[in-house]
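The values are calculated or read from the model by the stated rules, or taken from the named source; none is laboratory data. These numbers come from a predicted model, not from an experiment. Please note: Cβ atoms are built from the backbone with ideal geometry, for glycine as well, and neighbour counts cover all protein chains shown.
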Amino acid sequence: MLGPQICVSDDLAPGSEYNLDMPMPDVSLPMLFSSLALGIALAASAGLRAWLPLLATGLLARFDVVKLGDAFEVLSSTPALILFGTATIAELLGDKIPWADHALDTVSTVIRPAAGVLLSASVMWQVTDPVYALALGLVVGAPAAAVPHVLKSGLRVASTATTGGLLNPVVSLIEDALALAMVILAVVVPVVAAIVVSGLAIWGVRRMTRRTPPAPHA
């Protein structure tokens, strides 16, 4: 195999055969771009809540609102939805407990980018080879999830330092709303959502860079 397998709709009539003389259908670049944007936006939501976008994506795929690649249709299965639902409740509740939220953020340093990779790969259904889909998910989904996670963790540390953790549950509720809003925005207008995510990521990284103290001279 020399490259990723792209899925196109040829809708052959029953009993007909595809031969080399038939023209290859063109892949819709806008559709590919839309799936890529959807993956970026969902991954960004995973940077705030790892399991909520997985649950939402699985449910939306179950009701044919979101299309998943064949290799990732398991995300909409009943066992997967039960797992995602249970994990979502645990994450939402645990993030409201001061100090315990820091432990959750530490564990999620790996889980949230991994969820971003899986989400990005799953919605790029035009790429039928799951290895290539995961590779693309790693390229776009991991950083899209990692940046919000880092910003979230930094904000939570600042909140704990200034309020003793008393405002952390309020901050957590705001993050819940943002994660859910990002999922909705990603499904309705994925390109706009991806642009918003990219803009916020650039802004956040610049803010973090400016706040980083210069290294002391020897």
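If you go through segment 36-68 and keep only what is within 16 Å of residue 193 (Cβ to Cβ) and in contact with an Asp or Glu (Cβ under 8 Å, 6 or more places away or on another chain), you end up with 48, 49, 52.
Here residue 90 meets the list (1) touching a helix residue (DSSP H, G or I) at 6+ places or on another chain (Cβ under 7 Å); (2) surrounded by fewer than 17 Cβ atoms within 10 Å (Cβ to Cβ); (3) under 23 Å from residue 177 (Cβ atoms) almost entirely, failing just condition (1). Among the candidates 164, 94, 69, which residue alone is under 28 Å from residue 189 (Cβ atoms) and at pLDDT below 95? Residue meeting the stated conditions: 69. Only a single item in (1) buried (at least 22 other Cβ atoms within 10 Å of the Cβ); (2) part of a helix (DSSP H, G or I); (3) not acidic (Asp, Glu) is not met by residue 79, and it is number (1). Scanning segment 124-142 for residues that are surrounded by 18 or more Cβ atoms within 10 Å (Cβ to Cβ) and in a helix (DSSP H, G or I) turns up 133, 134, 136, 137, 140, 141, 142.
Residues in segment 42-76 that are among the charged types (D, E, K, R), over 11 Å from the mean Cα position of the chain (by Cα) and part of a loop (DSSP other than H, G, I, E, B): 2 in all. With respect to residue 108, determine if the residue is small (Gly, Ala, Ser), farther than 30 Å from residue 153 by Cβ and at pLDDT below 95. No.
On the stretch given as segment 158-200, residues that are over 22 Å from residue 90 (Cβ atoms) and assigned to a helix (DSSP H, G or I) total 20.
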